[in-house]
1. Take every Cα pair under 8 Å in the range 10-216 that's 6+ residues apart, average their separations, divide by the length, and report that relative contact order as a whole percent.
2. What is the calculated FRET efficiency for residue 79 to residue 182, with r their C-beta to C-beta distance and R₀ = 25 Å, to the nearest 0.05?
3. Rg/Rh for the range 267-310: what does it come to with C-alpha atoms and Rh from Kirkwood?
4. Would you grab the residues whose amide H sits under 5 Å from the one on residue 328? Only those 5+ places off in sequence or on another chain, please, with H modelled 1.01 Å from N.
5. Size of the range 1-89 along its principal axes in angstrom, Cα-based, largest extent first?
6. I need the peptides 267-275, 71-79 ranked by packing, meaning the mean over residues of other C-beta atoms within 10 angstrom, with the highest value on top.
7. Rounded to the nearest 20 Debye, what is the dipole magnitude of the range 10-216 about its Cα centre when Lys and Arg each give +1 and Asp and Glu each give -1 at the C-beta?
8. Quick check on the range 10-216: what does the Kirkwood estimate of hydrodynamic radius come out to from the alpha carbon pairs, in Å?
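Only the coordinates and a few stated rules stand behind these numbers; no lab work does. These numbers come from a predicted model, not from an experiment. Note that each Cβ is placed from the backbone with ideal geometry, even for glycine, and that neighbours are counted across all protein chains shown.
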Amino acid sequence: MSDSPLTFNDFGLAEPIVRAVTELGYREPTPIQEQAIPVVMSGKDVMGAAQTGTGKTAGFALPIIHRLLPLASSSTSPARHPVRALMLAPTRELADQIYQNVKEYARHTPLRTAVVFGGVDMKPQTMALRQGCEILIATPGRLLDHVEQKSTNLSQVQILVLDEADRMLDMGFLPDIQRIINMLGKDRQSLMFSATFSNEIRKLAESFLDSPLLIEVARRNALAENITQTVYRVASPEHKRAAVAKLVRDHSFAQVIVFSNTKIGAGRLARQLEVDGLNAAAIHGDKSQQERLKTLEDFKQGLITVLVATDVAARGLDIAELPAVINYDLPYSPEDYVHRIGRTGRAGASGMALSLITGSNDDRLLADIEKLTKRKFAVEDMAVEATLPGHRREARAPRDDERPERVERYRDRDDSRPSRARSSSPMPARPAEDPFFSRPYEPSTEALAEQVESGQSKTAQPAVRRSTRPVPALLGGFKRT
């Protein structure tokens, strides 16, 4: 028996796929790829659990492309390119990243790939869908918009993928997922991949997977061993900003992602770090999709040193050789800690995860993370000044995004429902959930407008007619006689 390492040629993948993988610089499969690719190629349902940054996307995308190749067509007719594989993701950024990867893997095949997500104009997406695509990557809300508009048909889907399945199947998000699943044929292959699987989510997944094979390449909810994790205690929340600046400077980080629990907190921290002389920018759900994509691209290109982000960047975001992440706020859900620190130490590289805590609330959140990960963290004291030398507070009126205090209570969740913090210990008062992200599916205003224009809408409301009855004299509506 040969002791030589396994290569992508050993899986029996089609030559165009192996050629694309080789051109991308992949040589040896990761553990999750090594175990998942043969099983997915065989057509079995899969629940795959692996640490973030271990190559889950290639683990399901490569065998899916291989399975669809016999059905590929070079015809220009959209009818010859129906949706055969549907990949659902919880966030826009993750959906776009999966799309970029799948498009690269399928570059030497006739298979067409498309992506749809919210926050951008629907019309280019509609055009792409009507041209036909075998592989469709989508966030659930925008996909349902397109289904309502009849720009896509899911009746021929043979393979369903739920990426970051723990979030996708959270109870608050299940109705949209169930609605999509009901549109698919029963004779299909279903795959679920995530870094974290709670017992509740596993039971729920088994309710619509057919005898799934569980693939775990590491202990469930385990943390990557190549990430050095340190927790620092500072005197008060007012010292946290100075602590972030000190950590960035002391470690000479070329780039770092700093996680905040709120949108207002992320924006404020980015502005303060810029005053402190650091090149910083914020990304959160209140930014337009164009702003978010531009900020991410600038960060990937090294034009931004400190990216202050809410949990929209906690899952699936792939930044090559990112040296560190900093938890300015510990996440309310311990599973999110696993995903946050998974932005560093990817593909076997080393990384650092640094967290700041201040009081008893943070101690409880840290205890929940320790319970989930079965790991005890040493806590170091950090002495910093509440205000860095040279920092001047600006005397100005509050910015528009700082005025409504109620906005800061909202957790930032994009195209997904907030996951419940599963904990037996007392939790601090959690921010109220943004109803935009927790309500059941409703067609977007943009989708309704396009339906009205095309004459497809059955629910469009007639124009409101103003009453012609006179207004009472008390309101000045009658002429005096």
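1. Averaging sequence separation for qualifying contacts and normalising by length gives 28 percent for the range 10-216.
2. E between residue 79 and residue 182, to the nearest 0.05, is 0.55.
3. Rounded to two decimals, Rg/Rh equals 0.95.
4. Residues meeting the amide H criterion: 259.
5. 47, 26, 23
6. 267-275, 71-79
7. On the way: 21 positive and 23 negative charges, 141 e Å.
Around 680 debye, computed over the range 10-216.
8. That comes to 17.1 Å for the range 10-216.
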